[in-house]
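The values are calculated or read from the model by the stated rules, or taken from the named source; none is laboratory data. Just so it is clear, the model here is predicted, and its values are computed rather than measured. Every residue, glycine as well, gets a Cβ built from its backbone with ideal geometry; the counts of neighbours run over all protein chains shown. Please note that ligands, DNA and RNA were not included when accessible areas were found on the heavy atoms of the full protein model with its side chains. Shrake-Rupley method; radii C 1.70, N 1.55, O 1.52, S 1.80 Å.
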Amino acid sequence: MDKPGFLHLTLKQMTGDSTMVKNYPESYKGILATAYLDGVSAQRQPYYYALFIRFSDYQALLSSGANEAFGQQIVPHLHSISPSPNGAVKSKQPMAWYQGVFETIAAGNRSAIVQDNANIISFLRMPADAHDLTSVANHVFINDSDHLQFDQNVVALLRVAQETYLPADAANGIGSAGAADNRLYRKAVTTEILRNAFPDGTMRAYLMHGVWDSVWDHENSHLDARFQKAAGPVGAAVTIGPVEPFYQTRLSVSAS
């Protein structure tokens with residue numbers, strides 16, 4: 001955190017899964033909202049996390065030693081632990097994880113949507129990471145050859161996610177609280193599109209990262225015809241995914 005270019009570090013625990021992102025019937029809405037937390041409580045699931053380490057540029061990230069620190073300080077803890085009659089059993093090998101260098105190509109909040117580097121850095125310095133908010137991260141892969149067109153489509157989707165809400169005539173300009181028994185929703189608190197800086201073979205990974213007031217706001221937003229229209233071209237390009245877990249922030253540290 002003392003290295004030049006450091007902006008922010010966030011550790012988020014996976015809590016559940018979105019069902020509406022997969023276009024399941026509306027009756028399944030929110031059914032997996034706390035699935036991972038419930039699995040941990042039942043000792044049937046390990047803890048899952050997403051770790052975001054934000055730097056102003058790629059060279060600053062490399063120079064910081066963050067990659068080496070991850071291997072030395074984090075990887076040794078990535079083993080599953082299983083209860084047994086003779087005590088806890090640690091897996092011989094670490095669990096699989098995905099690690100990548102991502103660049104933010106667009107971001108937004110309830111005031112503006114930005115794509116230039118200076119404003120994106122300002123956005124990353126002050127993330128909406130309160131513990132009581134719900135984060136989502138839609139993980140997808142596309143064909144790398146399609147990424148320029150995909151960038152345009154996914155930024156258009158971000159704009160819809162950041163600007164739409166229900167009821168559309170809400171005086172507050174952000175909508176009303178979503179719930180299991182309604183289709184209302186408040187617009188996203190923040191949204192962000194992260195593109196892997198490098199291809200994985202012929203594929204390219206993206207994260208569509210958002211922060212919402214609640215699970216229900218997020219799920220109901222996916223039922224809105226405006227969102228579904230914008231999501232069509234994005235979904236058509238996806239070759240692996242979507243997988244869109246919910247997260248809660250457990251640690252959030254900004255540069256001093």
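General observations
- Positions within the stretch 102-120 being surrounded by 13 or more Cβ atoms within 10 Å (Cβ to Cβ) and in a loop (DSSP other than H, G, I, E, B), in sequence order: ARG110, GLN115
- The set of residues in the stretch 223-240 being of a type outside the set (Phe, Trp, Tyr), open to solvent by 20 Å² or more (accessible area, probe 1.4 Å) and closer than 23 Å to SER27 by Cβ consists of LEU223, ALA225, ARG226, GLN228, LYS229, ALA231, GLY232, GLY235.
Okay, residues lined up against (1) under 23 Å from PRO127 (Cα atoms); (2) among the small types (Gly, Ala, Ser); (3) open to solvent by less than 30 Å² (accessible area, probe 1.4 Å):
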site	(1), (2), (3)
PHE6	yes, no, yes
TYR24	no, no, no
LYS29	no, no, yes
TYR48	yes, no, no
SER84	no, yes, no
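- Restricting the first member to the stretch 179-197 and to residues that are over 18 Å from GLN99 (Cβ atoms), and the second to residues that are assigned to a loop (DSSP other than H, G, I, E, B) and among the β-branched types (Val, Ile, Thr), the beta-carbon pairs closer than 6 Å and six or more apart or on different chains are ARG186/ILE174; LYS187/ILE174.
- Residue within the stretch 134-141 that is part of a loop (DSSP other than H, G, I, E, B) and either under 23 Å from SER214 (Cα atoms) or out of contact with any Pro (no Cβ under 8 Å at 6 or more places or on another chain) (or both) present: no
- The listed residue being under 24 Å from TYR49 (Cα atoms) and acidic (Asp, Glu), out of ASP146, ASP169, ASP132, ASP181: ASP132
- Close pairs (6 angstrom Cβ cut-off, 6 or more residues apart or separate chains): within 20 Å of TYR47 (Cα to Cα) in the stretch 85-103, of a type in the set (Ser, Thr, Tyr) and modelled with pLDDT under 90 anywhere: VAL89/SER82; SER91/SER80; MET95/SER80
- Flag if LEU37 is under 23 Å from PRO242 (Cβ atoms), surrounded by 11 or more Cβ atoms within 10 Å (Cβ to Cβ), among the hydrophobic types (A, V, I, L, M, F, W, C) and at pLDDT 95 or above: yes
- Annotation note: Cβ proximity below 6 Å between a residue of the stretch 128-139 that is β-branched (Val, Ile, Thr) and a residue that is modelled with pLDDT of 95 or more and outside any strand (DSSP E or B) (sequence gap 6+ or interchain) occurs for THR134/SER214; THR134/VAL215; VAL136/HIS218; VAL136/GLU244.
- Every pair of residues 6+ apart whose Cβ atoms lie under 7 Å, when the first sits in the stretch 232-256 and is on the phi > 0 side of the Ramachandran plot while the second is hydrophobic (A, V, I, L, M, F, W, C): GLY241/VAL140; GLY241/PHE141
- Within the stretch 201-228, residues that are closer than 22 Å to GLY175 by Cα and free of Cβ contacts under 8 Å to residues at least 12 places away in the same chain reach no partner that is open to solvent by 10 Å² or more (accessible area, probe 1.4 Å) and assigned to a strand (DSSP E or B) with beta carbons closer than 6 Å at six or more positions or on different chains.
- Flag for GLY173 being over 26 Å from LEU32 (Cβ atoms), assigned to a loop (DSSP other than H, G, I, E, B) and at pLDDT below 95: no
- Flag if ASP132 is among the acidic types (Asp, Glu) and touching a strand residue (DSSP E or B) at 6+ places or on another chain (Cβ under 9 Å): yes
- When every residue of the stretch 58-75 is checked against the conditions, none turns out to be open to solvent by 60 Å² or more (accessible area, probe 1.4 Å), closer than 24 Å to ALA130 by Cα and in a strand (DSSP E or B).
- Meets criteria (in a strand (DSSP E or B) and buried (at least 20 other Cβ atoms within 10 Å of the Cβ)) for VAL211: yes
- Sub-7 Å Cβ pairs linking a first residue in the stretch 5-19 that is under 23 Å from PHE55 (Cα atoms) and aromatic (Phe, Trp, Tyr) to a second residue that is part of a strand (DSSP E or B) and open to solvent by less than 10 Å² (accessible area, probe 1.4 Å), at least 6 apart or interchain, number zero.
- The lone exception for VAL215 - which of (1) touching a Ser or Thr at 6+ places or on another chain (Cβ under 7 Å); (2) farther than 20 Å from ALA35 by Cα it fails: (2)
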